[in-house]
Amino acid sequence: MALDTAGAPPPGPDAVRPPLPSDAAPPGEPADELDARYAPYARRDAYGVMGRGPLAPAEAARLALAAAVLLPLRLVAGTLVLLLYYLVCRVCTLFAAADGGRPRLAGWRRRAVLRAGCALSRAMLFVFGFYWIRETDKRLPSAEDVNQGRSEELGRPGAIVSNHVSYVDILYHMSASFPSFVAKESVSRLPLIGLISNCLGCIFVQRESKSSDSKGVSGAVTERVREVCQDKNTPMMLLFPEGTTTNGDYLLPFKTGAFLASAPVQPVILRYPYRRFSPAWDSMDGARHVFLLLCQFVNYMEVVRLPVYYPSEQEKEDPKLYANNVRKLIAMEGNLILSNLDLADKRVYHAALNGSSLPDDRRQKDD
């Protein structure tokens, strides 16, 4: 499926916003003005900016009760789930051949890692309070003709592309399709997580590497996506083209790394409805976010799976056009607002909220 945007109207009258300024906020700028300036990263739940807003007495009592009772239970349960999957991966990789440090799992080994990974990822979501997940397969008339009878001809999707709202996104995708993803090289050496990420088939990159023999993130992703299209036993890549998380209401510009291979992609939209605490990991430090998330009795998630997007010949020749068209489709189907902000603006926003200045070398755009 290709999206023709030559004369197409925008998704809605308010869907596309003009570029927002990315310069550092003036010292002492009020929080509400900062939120308006950096809207994709602003929190609007009961816990306020950075999760440190004043709480009503009832909400504070509820949080204290959950921290005393619910939090310890969930921490223990989550640790047990992680240890169980580590043991599965350890058994399945015994005497298994390795390719560049990545175990080449096949047969019963691959089936065990895959099935246990999907089941235990769903169990971890349950531990986090996501008891029910509403999933929708959204079929477009223009896509049905393409998908029926031509999928083998057009090829297997090389990657899942999704909007990025929270670290919980990865758990959901692991429970649904068990893809591999990009991670820092240091992750491969972490206790427990290192072995699991290797079994996932993650791409480990050294983002700070400037050596001439380094393929870079885009090169490694393109190579893996092509491998996925050629080998059905290679897990699909999970890619978040925005490069960072938002509050779930916006969609940032897409990087082209997921689209350089000119392979079909599977678009997925994630939403997190909430009543008090938003699971979106936007402007809060990780430890506090995990604490508040685990203290919520119930968390909600909605998933929309769009038809596989098959690029046109023009999109294959122009990865930027391909990325932009997929982005517009996801925004239209997910009722998301397109924004021109990016990771550098997020860093500026965080620095302003913390009352600190951001060094120039921290404001550079990620490639």
Among residues of the range 81-136 being more than 30 Å from residue 69 (Cα to Cα) and among the β-branched types (Val, Ile, Thr), the residue modelled with the lowest pLDDT is 93
Given (1) open to solvent by 30 Å² or more (accessible area, probe 1.4 Å); (2) in a strand (DSSP E or B), index of the condition residue 232 fails: (2)
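Give the residues of the range 293-304 that are in contact with a Phe, Trp or Tyr (Cβ under 6 Å, 6 or more places away or on another chain) and either at pLDDT 95 or above or part of a strand (DSSP E or B) (or both), sorted by residue number.
Matches in the range 293-304: 299, 301.
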Of the conditions (1) acidic (Asp, Glu); (2) open to solvent by 10 Å² or more (accessible area, probe 1.4 Å); (3) touching a Ser or Thr at 6+ places or on another chain (Cβ under 8 Å), residue 169 satisfies every one except a single condition; which number is it? (2)
Which residues, counting only those in the range 305-351, are over 16 Å from residue 267 (Cα atoms), part of a helix (DSSP H, G or I) and among the hydroxyl-bearing types (Ser, Thr, Tyr)? 349
One residue is enough: does the range 248-268 have a residue meeting the conditions among the acidic types (Asp, Glu) and open to solvent by less than 50 Å² (accessible area, probe 1.4 Å)? no
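One line per residue, one yes/no per condition, for (1) open to solvent by 10 Å² or more (accessible area, probe 1.4 Å); (2) over 30 Å from residue 354 (Cα atoms):
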| residue | (1), (2) |
| --- | --- |
| 271 | yes, no |
| 283 | no, no |
| 289 | no, no |
| 299 | no, no |
| 302 | yes, yes |
| 305 | yes, yes |
Condition (residue is touching a residue at least 24 places away in the same chain (Cβ under 8 Å), more than 26 Å from residue 218 (Cα to Cα) and not in a loop (DSSP other than H, G, I, E, B)) applied to the range 260-282: is it met by at least one residue? yes
Could you go through the range 177-189 and let me know if any residue there is touching a Gly at 6+ places or on another chain (Cβ under 6 Å) and open to solvent by less than 30 Å² (accessible area, probe 1.4 Å). yes
Residues of the range 137-163 satisfying the condition of being open to solvent by 10 Å² or more (accessible area, probe 1.4 Å) and either β-branched (Val, Ile, Thr) or at pLDDT 95 or above (or both): 146
Among the residues of the range 320-359 satisfying the criterion of being surrounded by 22 or more Cβ atoms within 10 Å (Cβ to Cβ) and among the hydroxyl-bearing types (Ser, Thr, Tyr), which is farthest from residue 35 (Cα to Cα)? 322
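The values are calculated or read from the model by the stated rules, or taken from the named source; none is laboratory data. No experiment lies behind these values; they were computed from the predicted model shown. Reconstructed Cβ throughout: ideal geometry from the backbone, glycine too, with neighbour counts over all protein chains shown. Protein only, heavy atoms only, side chains kept; ligands, DNA and RNA dropped before computing areas. Shrake-Rupley method; radii C 1.70, N 1.55, O 1.52, S 1.80 Å.
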